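Before any comments, here is the structure.
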Amino acid sequence: MQGAEKGQAVNLDGRVMHVGIVQARFNDALTGQMAKICIEELIAMGVEADNIRHVTVPGALEVPVALQAMAESDNFDALIALVCIIRGETYHFELVANESGAAITRVGLDFNIPIANAILTVENEAQAKARQVEKGVDAARVAVEMANVVNSHLAAQYLADNPEAADAFDD
């Protein structure tokens with residue numbers, strides 16, 4: 001929801017992160033602006049430009065395939081999906097929105113990688129334009145925060161499983 005109270009993010013330090021972005025080219029003027037804003041926000045949080053991989057695909061239904069390829073590479077701390085779906089006159093809107101959203105979630109769960117799911121689903125272009133800045137910023141922030149959550153959990157689990165590794169930090 002636009003302008004919603006989102007609470008306070010816990011850790012937005014992206015200095016050592018690698019982030020992959022998949023942008024649907026359908027409604028390219030809108031998703032392109034979301035990508036620009038998202039990349040600017042990632043850099044503002046410390047993600048180095050060289051550590052951001054931005055690819056484009058034809059449309060929303062192709063986004064999960066590209067995300068899966070990135071997740072399989074194991075080169076990223078987080079991924080971002082940038083999509084804009086504008087309602088038309090047929091049921092196609094619901095099909096594309098539901099299927100792409102579910103597939104993006106499935107990739108994240110299957111590969112245990114955070115994916116900021118920035119799918120704009122709107123009635124018209126004016127609604128999309130009104131939301132594209134906030135959605136681009138939110139996507140970057142969600143990706144960095146969730147990567148930190150997952151990485152902290154993995155580090156804690158590793159130290160719990162390998163107590164001798166924790167001793168190295170005591171020196």
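The values are calculated or read from the model by the stated rules, or taken from the named source; none is laboratory data. All figures in this text were calculated on a predicted structure; none of them were measured in a lab. FYI the Cβ positions are ideal-geometry reconstructions off the backbone, even for glycines, and counts take in every protein chain you see. Each accessible area value is taken on the protein alone, full model and side chains, heavy atoms only, with ligands, DNA and RNA left out. Shrake-Rupley method; radii C 1.70, N 1.55, O 1.52, S 1.80 Å.
In region 32-147, carbon and sulfur make up what percent of the accessible area (probe 1.4 Å)?
On the way: 2780 of 5650 Å².
Looking at region 32-147 in its full context, I get 49 percent from C and S.
Ignoring ligands, DNA and RNA, how do Phe111, Phe26 rank by accessible area with a 1.4 Å probe, largest first? Could the numbers behind the result be given before it?
Details: Phe111 75, Phe26 140 Å².
Ranked list, largest accessible area first: Phe26, Phe111.
Per residue, how large is the accessible surface of region 1-95? Use a 1.4 angstrom probe and give square angstrom. Let's see the in-between values first.
Working: 5230 Å² over 95 residues.
Ligands and nucleic acids excluded, the figure is 55 Å² per residue.
What does the net charge come to around Ala24 if you take all other residues with beta carbon closer than 14 Å to its beta carbon, with K and R at +1 and D and E at -1?
That works out to -1.
Dimensions of region 32-96 along principal axes (Cα, Å, largest first)?
42, 26, 15
Quick one: what are the phi-derived ³J(HN,Hα) couplings along region 75-91, Karplus 6.51/-1.76/1.60 with θ = phi - 60°, whole Hz, x for glycine and proline?
Taking θ as phi minus 60°, the curve returns 9, 10, 8, 7, 10, 9, 10, 10, 9, 10, 10, 9, 4, x, 9, 10, 5 Hz for region 75-91.
Scan region 54-128 for GluC sites (Glu not before Pro) in coil per DSSP, keeping those whose Cβ has at most 12 other Cβ atoms within 10 Å, and list them by number. Can you show the working numbers first?
On the way: sites: Glu62, Glu72, Glu89, Glu94, Glu99, Glu123, Glu125; in loops: Glu89, Glu123.
Listed in order of number, the matching sites are Glu89, Glu123.
Hey, rough spin-label estimate for Val133 and Leu61, points 7 angstrom out along Cα→Cβ, what's it come to in nanometres?
Each label point is offset 7 Å from its Cα along the Cβ direction, giving 3.5 nm.
For region 5-117, build the convex hull from the C-alpha positions and give me its volume per residue in Å³. The partial results should precede the final answer.
Values: hull volume 13.1 nm³, N = 113.
Convex hull of Cα atoms, per residue: 115 Å³.
Please list, ordered by chain and number, the residues whose modelled amide H lies under 5 Å from the amide H of Leu120; skip anything fewer than 5 residues away on the same chain.
Val83, Cys84, Ile85
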